[in-house]
Structure formats: C-alpha cells, structure tokens
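The structure appears below as structure tokens.
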Amino acid sequence: MDPVWALLIFALGLAFGSFLNVCIYRLPRELSVVRPGSACPSCKHAIAAYDNIPLLSWLILRGHCRHCHVRISPRYLVVELLTGIMFLACYAQFGYSSALVKYCTLGFLLLGLIFTDAETQLLPDKITLPGIVLGLLFSLFVPVDDLISHFLPMLVSLGGTSRWLSVADSLAGAAVGASFIYGVGAIYLRARGVEGMGFGDVKLMALVGAFLGTKLTMFTIFAGSIVGSLAGVGMMLSVWVKRTRRRMARNHEAAGVARRRAWYSATVMLRAFPIPFGVFLGSMAIVAFFFGNQFLRWYWRML
Ligand SMILES: [Zn+2]
C-alpha cells in the first residue's frame, strides 16, 4: 500500500462522506442535495466553507453550530470517518484497480442507505435505483465472476463473451436478491403479523445483487437476517429485564407476576417497533464484499 495514495484515498473518502451526510439528511425529506448550500438545521445560518471541512470542523467546533451553538449530531463525524475508512479498506483489499472504484461506490451507497434507514426508516429510491443501474454497468468492467460465469462456459463454449457472462451474473444477483428478500418479507409478515420488510429492502437487495452476484447476495441475506433477529431478541430481553425491575420496585409486584407482565409489554413494544432491516442487510453486504468469499470457502470445507 502506497502511503501517499492511501492518504489521498482516505481524504477523498472524507469528502464523499461529507456529501453523504447531506444526502442522508435531505433525500428522505425530498430536498435537493445540490441547492441550497449547507445550513444549520436550527438557526438556518449558512455554513461557511471553513466550517465545512470534513472531520476537522466538527472537532474544532466540538459538534456545535458556530452561530446558535445548537448540538450537531455526531453522525456527521461518524459518517465521514466511516466513508474514509471504507475507501482506505477498499484500497488495501483491491489495490489501484477498477475494482477499487466499484467497491468504493458500493460502500458509499450502502453507508448512505444504512444511515437513512436508521434515522428515518426509509431507503430512498434516489439511492437504490441508480445503484442498481451502477451495479449492472460496473459488471461490464469488473467481472462479477459468480455462478453463471463459472458454470455456463462448461455447457456452451463461448469465446470472448466473459463480459456478458459477468452482466448475466449481475442480473441474476439482482433478481435473486430482490425475490428472496420479498419471500423473507412475506414469511416475516405471517410470523409476526407486522410488516418487517418493505419494498425499500427489495430494491436494496437488488442493488447488492447487481454488484455482488448471487452467492454473496445470499450470504448477505442470511447474515443480515441472523444479525437483525439477534438484535431484535437482545433488545426485547433488555426491555423485559428493565420493565421487570421497574415493576418490582415501583408497584411492589412479586417477581413472577412482574416478569410475566413485563414480558407481555415487551412483546407489544417489539411489535410496534420497526426493526430497521436495511441497517443489518447493508452492514452485512459490506462484510460480504470484504470477507464473504473467505467465509464461503471456509463453509464449504466444513460441509
Ligand atoms: Zn445554528
């Protein structure tokens, strides 16, 4: 890894992260990401260029607006840092190549979706739909190298069409990702009686599939569902324990009664609380393009 390139790529990541913060705030609100320039959401004061430097400005102003001193969410700092680290990690993994551009793009889109889903429970079409198209376009330049590319040439010998096999892999990934998550959503709806996955998740998985192909998309869906469910169960248990203690302390209920009633109210709460599956699917898609193939190789050996 060349240190000068590494630093430049990290700085580029910070700048893209800064733009991503604008997208995360504005896209779910249907605002333009180009105009007007950044302003404090509280006092509407325009933010000067010198207060808009990634990372540094937030640290210098200690997360407060220069004019009205209202607190600025640490998300701004976190997203910039994560995008910088993501770009750097892509450089470490893929070197100076067209794959670097592809995976930086995917990481950028996924971070945007993860944070908008976490904040607003929305996965904006303005990110997912262009993302699907980008994934298909990238498959022309960076081989997706998935099932179709592996098995089809054995059936028909095709000379010089590996590029189209890559596009076919990208299309297959998008189709499998979208239809599989649609199926998971339908099962989830039956099991819990609430909508857990929306069309945003379907489009998100089409995007992931277009970039990563079928195998890593399946990995993303399984890993995302497991991690998402564990997070849901963990949250419910912690609410259960907290409410049991509160009932015993405040209402002087017996432990057994308090536990039973708290369990009931925790299940009601979880039912009303939407688990942001886009956050888990998006995070696991990032894990997939860094470690998914290693994991799958290890998994086949275990079988
Ligand atoms: Zn302000």
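Charge dipole (Cα centre; +1 on Lys/Arg Cβ, -1 on Asp/Glu Cβ; no other charges) of the chain amounts to roughly 1560 debye.
Listed cross-link partners Lys102/Lys215; Lys102/Lys203; Lys203/Lys242; Lys44/Lys242 are compared with a 28 Å cut-off, the Cα-Cα value being larger for Lys203/Lys242; Lys44/Lys242. For the range 161-226, the direction-averaged projected area of the alpha-carbon convex hull comes to 4.0 nm².
For His64, nonlocal amide neighbours, meaning residues 5 or more places apart or on other chains whose placed amide H falls under 5 Å from its own, are Ile72. Taking amide H as placed 1.01 Å from N in the peptide plane, the amide H of His45 sits under 5 Å from that of Cys40, each at least 5 places away or on another chain.
Per-residue accessible area (protein heavy atoms, 1.4 Å probe) orders Glu253, Glu30 as Glu30, Glu253, starting from the largest. Over the chain, what percent of the accessible surface lies on carbon and sulfur atoms, probe 1.4 Å? Of all accessible area on the chain, carbon and sulfur atoms account for 68 percent. Scanning the chain for long hydrophobic helices, with DSSP H runs required to stretch 30 angstrom or more by C-alpha along their axis and to average at least 1.6 on the Kyte-Doolittle scale, returns 3-26. Size descriptors for the range 1-138, from the alpha-carbon set: Rg then Dmax equal 15.6, 46 Å. When the P(r) is computed for the chain, the part past 23 Å accounts for 63% of the Cα-Cα pairs. Over all pairs of different C-alpha atoms in the range 137-277, the reciprocal of the mean inverse distance, the Kirkwood hydrodynamic radius, equals 17.8 Å.
The ellipsoid equivalent to the alpha-carbon distribution of the range 82-135 has semi-axes of 23, 14, 5 angstrom, derived from the gyration tensor eigenvalues as √(5λ) and listed largest first.
The values are calculated or read from the model by the stated rules, or taken from the named source; none is laboratory data. On a predicted model such as this, the values are computed, not experimentally measured, just so you know. Glycine gets a Cβ as well: all are built from the backbone with ideal geometry, and neighbour counts include every protein chain shown. The protein model used for the area step is the full one, side chains on, heavy atoms only, and it has no ligands, DNA or RNA in it. Shrake-Rupley method; radii C 1.70, N 1.55, O 1.52, S 1.80 Å.
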